[in-house]
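The structure appears below as structure tokens.
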Amino acid sequence: MSQCVVCSKELSRRNTIGYCRPCWAKSPEKRAKTAKAMVRRWQDPELRSRMREAGIANLNGPGVRDRAIASIKARRSWEVASAHLTPEVRAKAVRRSLETKLAHIPRELRAEYKRLTRKKKFSAAEAAEFIRNQHERDMAQFRAKILRGVGDGHLHD
Ligand SMILES: [Zn+2]
């Protein structure tokens, strides 16, 4: 007789999956199978709209909001959330936020922008203007260099 690969419970001779019933339900194979089936079913727009409407009806049901608030208070969810805010997570959030807020400042000039706004106390608009001019000068120089290169035939050798 074979045994369940997780809990060593004896399995019937007809069992071909190698798990007992409760362990099969928690197994990665079963999860993958269920997920795959759901991905396939989710392609059906009619199922999607039915699920969406059921979800909306559930959320608007009586007492749902109050129960959610009570649950958050009972579990002290905010403490769980802030426990996950490690210095690394915060640093990542700052990097992403800067990517959005400083999208108009070319990456190679962001240190200069920081110097202008923090040390030199220029306003963000003034600093951005300086950076834009600097960037245009850099690009003009770069284009001139490329054109000279083409003229001298350096790019062809
Ligand atoms: Zn088992």
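Give me a count of the residues in segment 1-37 that are within 13 Å of the ligand (Cβ to nearest atom) and in a loop (DSSP other than H, G, I, E, B).
Qualifying residue count, segment 1-37: 15.
With modelled with pLDDT of 95 or more, more than 16 Å from the ligand (Cβ to nearest atom) and surrounded by fewer than 10 Cβ atoms within 10 Å (Cβ to Cβ) as the only criterion, which of 50, 40 stands out?
The unique qualifying residue is 40.
The values are calculated or read from the model by the stated rules, or taken from the named source; none is laboratory data. Since this is a predicted model, take the numbers as computed values, not measurements. Note: ideal-geometry Cβ built from the backbone for every residue, glycine included; neighbour counts use all protein chains shown.
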